[in-house]
Structures are given as C-alpha cells and as structure tokens.
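Student: Starting off with a structure, shown below.
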Amino acid sequence: IINSDGTVSKPATIASAFGSKQEFTSNTPNFVDCCYEPVNNKVVVVYADSNASYQIKAIAGTVDGSNKTVTWGTATNLHTNTSYQCKFPKIVATNDDGWCVVVWWSSYNSNKLKLNSIQTSGSDNSLTLNGNSSNATYGLIINSLSNAYTTTKTYAFDIAWNTGSDGRAGGMVVMTNTGYTVISKAVKISSDG
C-alpha cells in the first residue's frame, strides 16, 4: 500500500493454516471439477477415471474445519457403460434437495454432451445416482447439444444453474464443430432428479 506520505506498507492478512493434502482416489483422475453443495454441506468432485476407460465418476466429502480435513465417501459411476471415452466433466449444485447436475463430453458417442444428476446425502458421504435406467447406463444425451467442439486441451461448453428458491432450472452453452456456432439450451431437473 502506498501511503499519502510516500511510504509503503504491507497489508495485514489473516488466514487459517491449510490442512494436509488428502487423496480421494488412488486411480488416475483426469479433467477434475468440483462444486459445493449447500443443502447437505458437501463438496462434490467429478472426474474422468483413466483406469476405467475414462468413465465419469463422482465422490462427495464433508469438510471438518476444526482439523482441516475432508472425509470422503465412495466414488459413484455416473454411467455404467465403461466403453465411453468421456472427458471434461462440469458439475453444478442445484440448491434443490441436494441434487447436483454433471455434464460431460463423450468422444465415443459422436462428440455428444451427456448429462446425469446425483444427490448428496444429509447423513453420510454417499451419492445417489438418478434412477432413470437409460441415464444410468449411458448418461442422458442432451438434445441439440451434439458435436461439441473440443480439443485435448480445451473444452467449449459450460453449465450454470439458478440457485435461488426454485433451484430446478439451469442452462448450458456450447460451441459446436459445425461452423463453430455457439448454441444454448435450458435444462430442468425434476423433483426426483
């Protein structure tokens, strides 16, 4: 800080010490994203598991501020078909009954965007996958958001959500590899995910 008399001062910063790093998987996670889910006070991490054909997985954890640790649950597969080469997951909390929405890119399925929802638990660190059987097997193809333009270093889509009192509505934008156009789509989650 440059003071009015020309002297320089260093601002005081008060910050708590960080805890030790913690490992949430011993596999090889790639393309990691995370969000804070406020309804059940969880941190949710999504990643592509390169040891399982880049299947998208999610894991929830509870932060203990007193000892600066995270207690992790068990990883949940967001789709059971492991032959899908999936990358670039994005996650957002909906602020509705602990549901989170995850979107990812699938090169195996004609560069389409896939989506699924998971629900955090108020009593432990488990995650419940959307019960729709086709979503559980492959992930839901997001209609009209196919041919997402990506490279090995970038991804050109994002998701946002209304976290107000009615947290069931969100939206996406994506750049396509068809003329490099940018399109958007509204997304809504039902009460059962």
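Student: Can you find a residue that is in contact with a strand residue (DSSP E or B) (Cβ under 6 Å, 6 or more places away or on another chain), hydroxyl-bearing (Ser, Thr, Tyr) and at pLDDT 80 or above anywhere in segment 64-71?
Tutor: Yes: segment 64-71 contains one or more residues that are in contact with a strand residue (DSSP E or B) (Cβ under 6 Å, 6 or more places away or on another chain), hydroxyl-bearing (Ser, Thr, Tyr) and at pLDDT 80 or above.
Student: Can you confirm whether Gly122 is open to solvent by 60 Å² or more (accessible area, probe 1.4 Å), at pLDDT below 75 and small (Gly, Ala, Ser)?
Tutor: So Gly122 fails the test.
Student: Considering only residues that are open to solvent by 60 Å² or more (accessible area, probe 1.4 Å), at negative phi and of a type outside the set (Val, Ile, Thr), which ones fall in segment 28-37?
Tutor: Matches in segment 28-37: Cys34, Tyr36.
Student: Taking segment 72-84 only, how many residues are of a type in the set (Ser, Thr, Tyr), open to solvent by less than 30 Å² (accessible area, probe 1.4 Å) and at pLDDT 85 or above?
Tutor: Selection size over segment 72-84: 1.
Student: Does segment 102-113 include one or more residues that are modelled with pLDDT of 80 or more and over 13 Å from the mean Cα position of the chain (by Cα)?
Tutor: Checking segment 102-113: at least one residue is modelled with pLDDT of 80 or more and over 13 Å from the mean Cα position of the chain (by Cα).
Student: Against the definition (of a type in the set (Asp, Glu) and open to solvent by 50 Å² or more (accessible area, probe 1.4 Å)), how does Glu23 come out, yes or no?
Tutor: Yes, satisfied.
Student: Now for a different question. Looking at Lys87 and the list (1) open to solvent by 10 Å² or more (accessible area, probe 1.4 Å); (2) modelled with pLDDT of 90 or more; (3) farther than 11 Å from Ile118 by Cα, which single condition is not satisfied?
Tutor: Condition not satisfied by Lys87: (2).
Student: Another one. Please specify each residue of segment 93-121 satisfying the condition of being touching an Asp or Glu at 6+ places or on another chain (Cβ under 9 Å) and among the β-branched types (Val, Ile, Thr).
Tutor: The answer is Thr94, Val102, Val103, Thr120.
Matching residues to (1) surrounded by fewer than 14 Cβ atoms within 10 Å (Cβ to Cβ); (2) among the aromatic types (Phe, Trp, Tyr); (3) in a strand (DSSP E or B):
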{"residue": "Asn40", "(1), (2), (3)": "no, no, no"}
{"residue": "Val45", "(1), (2), (3)": "no, no, yes"}
{"residue": "Asn51", "(1), (2), (3)": "yes, no, no"}
{"residue": "Ile59", "(1), (2), (3)": "no, no, yes"}
{"residue": "Ser66", "(1), (2), (3)": "yes, no, no"}
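Student: Please go through segment 68-91 and pick out each residue that is closer than 27 Å to Ala160 by Cα, assigned to a loop (DSSP other than H, G, I, E, B) and touching a residue at least 40 places away in the same chain (Cβ under 8 Å).
Tutor: Scanning segment 68-91 gives Gly73, Thr74, Ala75, Leu78, His79, Thr80, Asn81, Tyr84.
The values are calculated or read from the model by the stated rules, or taken from the named source; none is laboratory data. These numbers come from a predicted model, not from an experiment. Heads up, the Cβs are rebuilt from the backbone with ideal geometry, glycines too, and the neighbour counts pull from every protein chain shown. The area values use the complete protein model at the heavy-atom level, side chains included, leaving out ligands, DNA and RNA. Shrake-Rupley method; radii C 1.70, N 1.55, O 1.52, S 1.80 Å.
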